[in-house]
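Below you'll find the structure, written out as structure tokens, and then a few comments.
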Amino acid sequence: MRRSLLLIAAVLLVLAPGARADDLTGAGSTFAYPIIWKWSEAFRAATGTDVAYQSVGSSAGVNRIRAKTVDFGASDKPLKPEDLDRLGLGQFPIVFGGVVPVVNLAGVAPGTMRFTGAVLADIYMGKITRWSDPALKALNPDLDLPDTLIAVIHRSDGSGTTFNWVSYLAKASADWKRELGEGSSVAWPVGSGARGNEGVALEVKRTPNAIGYVEFTYVTQAGLTYGLVQNRAGRFIAPSAASFQAAALGVDWAQTRDFYATINDSAVPEAYPIAATTFVLLYKAPADGAANRTALDFFDFALGEGSDYASQLGYVPLPAPLVQQVRTYWAATFKSGSGAANRRAAMQGQANLGQAILGQAGGVRRLLSDDAVAMFDALAQPTRFDAFRLLLRYAPFGLNAGDVARLLAVPHNTMSTHLAHLERAGLVASRREGRSIIYTATAGKAAEVMELLLGELPALADAGAAFPRLRPGEAAERRYNVLLVCSHNSARSIMAEAVLNREGGGRFHAFSAGSVPRGAPHKLALELLRNLGYTTDDLRSKSWDEFAGRAAEPMDFVITVCDAAAGESCPVFPGHPLSAHWGLADPAAGAGTEAELRAAFVRSYRQIAARMSAFVNLPLESLDLASLKARLGAIAIMDGATEMTLAARAAA
């Protein structure tokens, strides 16, 4: 009963983040996420007010402010004045930046490849399909471009970044304008999609011979190779604060209504041609006047004291005259609101109910505090949530940042930022060990929140430890032999073998095999493992007959990772191993582009890594047989489980 009460309270607290009257919620642009996140951190430090911003894309941000589920929206596509009037919204700019073509080509350095708008349009229309195309060679005579297919990556979600990209392509190519037009999303004729700027950056970095487009800050954060784009004056311009600013200053903002303007394809000779603006949307006369006042306080801080942060991240802050124009617009446009703050009052009521339930649960300190707000905010981002769950499995010993990034298949620098966010929220602790920083999920002040969310508190009972502890030595631990089986032993079982051998730390010895082995591991499986730092020299496709018979090494566990293998008659493996079925979809089965196949392998790897990290942290020595089977069954139905696996678990 107590656990149920706690979980209900946790749900109510999530529905009412922080439940403080002056807290702020926003959603939208991924283009501006890095700077809005930085502003929110600084604003919290200066005022104690939390700004919870969800990086969901411009279209989703517009939809959420229209639905009144957030206090402000952010979009890289400005709304027309007549639409603003109809919706009762106002809008204003907060920052300038640029959308940049990025490539993954061996031997091509950042800033050396040249594009025109027409060539980019032809690539994204499927008219130019190879890097050796004469149009690309003519622009880049000094580059050794490969004769390979171009892997085109685009956004899969409605996006202001896409709006600015295709708006420029429509101006540069009559064919594009006629056939595809403009908008936050288009009917892409070629390529594979990724969600958010971060998703596109990750897919380009993973995919050889790829091209994509992202906001410039993601280029610097992910270390991507960017190209130069020819502007209207015929110059090939590098993306930079100076070239973005030149484009922004080319607009007479005083002559606009509701700041409705785009800054791409500028006639200014020094301007970067795919420059962009992020706009904030607020209701002119909201029911909650306090929310608007807090929002305007936040953006007043952002455009004033926060302008230096924009410059540090590669954005262009608004020039002083435009800041003054924006503030004048605020005074003329936004009202203090009418009536009581109904939505926030309802949220406060939910929080009060949650507090009452917590009181009934007994013995739990009050969670409606800055600590709990910061924790829930930190966990509201999917990558941080996955990182926290992973560290819970490894508590209290921890993982270094590189291992967390590898197991979640996320760039190291991106993961370091997320781990720092979790540490500031009190959810993880860290210590330096040589050149590495070791992170672990903490108990301490986060214990109640972790119990509410995941029920993992018993494994983290040592709340007094100031820093993560080292995992005990392995000499006294028994080594477990594990055979991972898939019919063709080329992808899933190969990746599982590599992950378990590395994560097992000498405590597990993993093997893989199949009934009808392909003869060699899948090339994309090996490539992905190598890119993530695994040693692949000893990986080979093997028959399960190697592990049958009296002379074979005894096995402790035999785990099938594909449904086909689970339905086959297996040989008798020595050692009386315990069996389990963790069925996953075949990443190589789907038809599609090379980029789509690579994305499927990354998904499969993440699902495998989650299972292996859960497995190696089971307290095998202390579990009885029934409990161990139950824990193996719980691992089987983690994210990505096949229908056969789920059905078998339900019938068990």
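The values are calculated or read from the model by the stated rules, or taken from the named source; none is laboratory data. Worth saying up front: this structure is predicted, and the values here are computed from it rather than measured. Cβ placement follows ideal geometry from the backbone for every residue including glycine, while neighbour counts extend to all protein chains displayed. With ligands, DNA and RNA removed, areas are computed over all heavy atoms of the protein, side chains included. Shrake-Rupley method; radii C 1.70, N 1.55, O 1.52, S 1.80 Å.
Filtered by the rule that a residue be among the aliphatic types (A, V, I, L, M) and either in contact with a Cys (Cβ under 9 Å, 6 or more places away or on another chain) or open to solvent by less than 50 Å² (accessible area, probe 1.4 Å) (or both), the stretch 247-261 gives Ala247, Ala248, Val251, Ala261.
Scanning the stretch 193-220 for residues that are surrounded by 22 or more Cβ atoms within 10 Å (Cβ to Cβ), small (Gly, Ala, Ser) and not in a helix (DSSP H, G or I) returns Ala194, Ala210, Gly212. Just one of the numbered conditions (1) more than 20 Å from Asp258 (Cα to Cα); (2) open to solvent by 10 Å² or more (accessible area, probe 1.4 Å); (3) outside any helix (DSSP H, G or I) is not true of Phe31: (2). Out of the residues in the stretch 514-556 that are among the small types (Gly, Ala, Ser) and within 27 Å of the chain's Cα centre (by Cα), state the one that is farthest from Ala599 (Cα to Cα). The qualifying residue farthest from Ala599 (Cα to Cα) is Gly533.
When restricted to residues that are open to solvent by 30 Å² or more (accessible area, probe 1.4 Å) and either in contact with a helix residue (DSSP H, G or I) (Cβ under 6 Å, 6 or more places away or on another chain) or within 21 Å of Pro239 (Cβ to Cβ) (or both), the stretch 170-184 contains 4. Take the residues of the stretch 619-652 that are more than 22 Å from Cys486 (Cβ to Cβ) and assigned to a loop (DSSP other than H, G, I, E, B): which is most open to solvent (accessible area, probe 1.4 Å)? Filtering the stretch 619-652 for residues that are more than 22 Å from Cys486 (Cβ to Cβ) and assigned to a loop (DSSP other than H, G, I, E, B), the one most open to solvent (accessible area, probe 1.4 Å) comes out as Asp624. Scanning the stretch 397-413 for residues that are at pLDDT below 80 and open to solvent by 30 Å² or more (accessible area, probe 1.4 Å) yields Phe397, His412, Asn413.
Among the residues of the stretch 109-131, those that are among the β-branched types (Val, Ile, Thr) and open to solvent by 40 Å² or more (accessible area, probe 1.4 Å) comprise Thr112, Thr129. Here Leu597 does not fit the description of being open to solvent by less than 60 Å² (accessible area, probe 1.4 Å), at pLDDT 90 or above and more than 20 Å from Leu646 (Cα to Cα).
Being in contact with a Ser or Thr (Cβ under 7 Å, 6 or more places away or on another chain) and either assigned to a helix (DSSP H, G or I) or farther than 20 Å from Val229 by Cβ (or both) is the filter here, so list the residues in the stretch 173-192 that pass it. Result: Ser184, Ser185, Ser192. Residue count for the stretch 262-283 satisfying the condition of being in contact (Cβ under 8 Å) with a residue 60 or more places away in the chain and open to solvent by 20 Å² or more (accessible area, probe 1.4 Å): 3. For residues in the stretch 564-582 being in contact (Cβ under 8 Å) with a residue 60 or more places away in the chain and in contact with a strand residue (DSSP E or B) (Cβ under 8 Å, 6 or more places away or on another chain), which is most open to solvent (accessible area, probe 1.4 Å)? Going through the qualifying residues, I end up with Cys570.
Considering only residues that are of a type in the set (A, V, I, L, M) and free of Cβ contacts under 8 Å to residues at least 12 places away in the same chain, look in the stretch 284-333 and name the one that is farthest from Gln221 (Cα to Cα). In this case the residue turns out to be Ala332. Does Leu149 fit the bill of being touching a strand residue (DSSP E or B) at 6+ places or on another chain (Cβ under 8 Å) and open to solvent by 20 Å² or more (accessible area, probe 1.4 Å)? Spelling it out, Leu149 is indeed touching a strand residue (DSSP E or B) at 6+ places or on another chain (Cβ under 8 Å) and open to solvent by 20 Å² or more (accessible area, probe 1.4 Å). Within the stretch 430-450, the set of residues being at pLDDT 75 or above and in contact with a helix residue (DSSP H, G or I) (Cβ under 7 Å, 6 or more places away or on another chain) comprises Ser430, Ile437, Tyr439, Thr440, Ala441. The numbered conditions (1) touching a Phe, Trp or Tyr at 6+ places or on another chain (Cβ under 6 Å); (2) over 18 Å from Glu182 (Cα atoms); (3) of a type outside the set (Asp, Glu) are all true for Pro78 except (2). Whether a residue is over 19 Å from Gln607 (Cα atoms), open to solvent by 10 Å² or more (accessible area, probe 1.4 Å) and without any contact (Cβ under 8 Å) to a residue 40 or more places away in the chain was assessed, and Arg507 does not pass this test. Name the residues in the stretch 511-521 that are aliphatic (A, V, I, L, M) and closer than 12 Å to Phe547 by Cα, would you? Across the stretch 511-521, the qualifying residue is only Ala513.
For the stretch 113-172, the tally of residues that are farther than 22 Å from Ser58 by Cβ, touching a residue at least 12 places away in the same chain (Cβ under 8 Å), in a helix (DSSP H, G or I) and among the small types (Gly, Ala, Ser) stands at 2.
Residue pairs whose Cβ atoms lie under 6 Å apart, sitting 6 or more positions apart in sequence or on different chains, and linking a residue in the stretch 38-66 that is over 20 Å from Tyr315 (Cβ atoms) to a partner that is of a type outside the set (Ser, Thr, Tyr) and open to solvent by 40 Å² or more (accessible area, probe 1.4 Å), are Thr49/Asp22; Asp50/Arg44; Ala52/Pro17.
Residue count for the stretch 61-86, restricted to those that are more than 26 Å from Ala248 (Cβ to Cβ) and surrounded by fewer than 20 Cβ atoms within 10 Å (Cβ to Cβ): 6. Going by the conditions given, is Val56 open to solvent by 10 Å² or more (accessible area, probe 1.4 Å), within 23 Å of Ala276 (Cβ to Cβ), touching a strand residue (DSSP E or B) at 6+ places or on another chain (Cβ under 6 Å) and modelled with pLDDT of 90 or more? Spelling it out, it is not the case that Val56 is open to solvent by 10 Å² or more (accessible area, probe 1.4 Å), within 23 Å of Ala276 (Cβ to Cβ), touching a strand residue (DSSP E or B) at 6+ places or on another chain (Cβ under 6 Å) and modelled with pLDDT of 90 or more. Total residues in the stretch 476-492 satisfying the condition of being open to solvent by less than 50 Å² (accessible area, probe 1.4 Å) and over 22 Å from Asp403 (Cβ atoms): the figure is 8.
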